[in-house]
Amino acid sequence: MPYSQQQITAKHRWSDNVFSFTTTRPDEFRFKNGEFVTLGLRQQEKLVARAYSIVSANDDEQLEFLSIAVPDGPLTSELVNVDPGNAIWINTKSTGSLTLNHVQPGRHLYMIATGTGLAPFISLLRGGEVFERFDKTILVHTVRTKEGLAYRDELESMQDDRFHYVPTVTREHFATTARGAELFRSGELAESLTLPAIDPEQDRVMLCGNPNMNHELKNFLLEAGWEITNHQGVGNFTVEQAFVLEK
Ligand SMILES: Cc1cc2nc3c(=O)[nH]c(=O)nc-3n(C[C@H](O)[C@H](O)[C@H](O)COP(=O)(O)OP(=O)(O)OC[C@H]3O[C@@H](n4cnc5c(N)ncnc54)[C@H](O)[C@@H]3O)c2cc1C
């Protein structure tokens with residue numbers, strides 16, 4: 001496995017259970033915006049590694065990641081305590097189904113994320129190519145508490161007539177407390193942004209969130225005649241798991 005030892009260069013705590021960190025970048029490591037890698041820490045000589053979406057754009061000097069902190073999680077209970085200078089192992093084989101090659105060209109691109117599912121979309125937005133490919137890009141990020149709205153300032157400052165950022169918070173008082181999935185399904189999202197109703201012929205959708213959200217919206221889109229990207233070809237929507245539920 002091509003694991004490369006790198007160093008943590010900075011860490012930022014967004015909330016009790018969400019943090020982000022940057023690392024040095026392995027030489028020769030190339031990836032597409034929106035992809036994920038596996039990374040890990042050595043614990044008693046054993047490498048404990050997990051899948052992580054890359055937050056940074058592919059031309060950034062450093063790599064950046066957004067992480068949940070699961071109290072008894074084998075990796076994140078340790079990762080949450082790392083400091084700049086500490087070692088981290090990064091596998092330089094990147095992959096994923098949320099790159100711009102995973103949706104057909106189109107009019108509007110809807111990115112729907114929950115929690116740390118935001119990460120690949122930050123990479124795509126920072127990369128900028130998305131704004132050349134689509135007339136408008138809409139990012140919906142749903143979290144439980146306001147603090148969970150990682151990268152909120154950066155996303156708000158990116159807003160213009162080509163990019164709409166729609167944060168929603170489900171367990172605290174906030175401007176929008178509905179789930180992003182609900183806003184999308186009901187048509188309220190497009191309507192509130194004075195955009196035409198979503199249309200499989202013209203619009204494209206990327207999903208990255210908890211297994212329930214992914215499942216719900218994937219079924220909704222399939223039933224409405226949308227085509228998912230898979231080994232048979234590139235469709236008008238694509239899905240990536242933000243994490244896997246424990247069995
Ligand atoms: C394709 C892919 C990309 C991923 N990208 C990221 C990422 O960018 N950032 C990230 O933090 N995690 C990401 N994950 C999840 C990650 O791989 C680990 O599961 C997570 O870091 C927790 O590791 P752990 O060893 O501490 O606990 P684990 O034993 O891996 O997980 C314990 C439990 O915690 C919950 N959980 C795990 N990850 C999350 C999460 N991100 N949000 C909410 N609940 C979670 C689940 O219920 C899981 O069963 C991704 C997973 C996949 C499959």
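The angle separating the long axis of helix 211-223 from the principal Cα axis of greatest extent in the chain is about 30 degrees. Exposure proxy ranking for LEU125, LEU183, LEU195, based on other Cβ atoms within 10 angstrom of each Cβ and starting from the fewest, stands as LEU195, LEU183, LEU125. In the structure displayed, which of LYS93/LYS146; LYS46/LYS218; LYS93/LYS136; LYS32/LYS146; LYS11/LYS46; LYS11/LYS93 lie more than 26 Å apart, Cα to Cα? From the list (LYS93/LYS146; LYS46/LYS218; LYS93/LYS136; LYS32/LYS146; LYS11/LYS46; LYS11/LYS93), the Cα-Cα distance tops 26 Å for LYS93/LYS146; LYS46/LYS218; LYS93/LYS136; LYS32/LYS146. Exposure proxy for ARG179, ARG204: other Cβ atoms within 10 Å of each Cβ, ordered fewest to most, give ARG179, ARG204.
Among the trypsin sites (Lys or Arg not before Pro) found in the stretch 12-91, those both in a DSSP coil and sparsely packed, with 15 or fewer other Cβ atoms within 10 Å of their Cβ, are ARG30.
The numbers here are math on the coordinates, done by the rules we state, and not lab data. Computed from a prediction, not measured in an experiment: that's the story for all the values here. In this analysis, Cβ positions are derived from the backbone assuming ideal geometry, glycine residues included, and neighbour counts consider all displayed protein chains.
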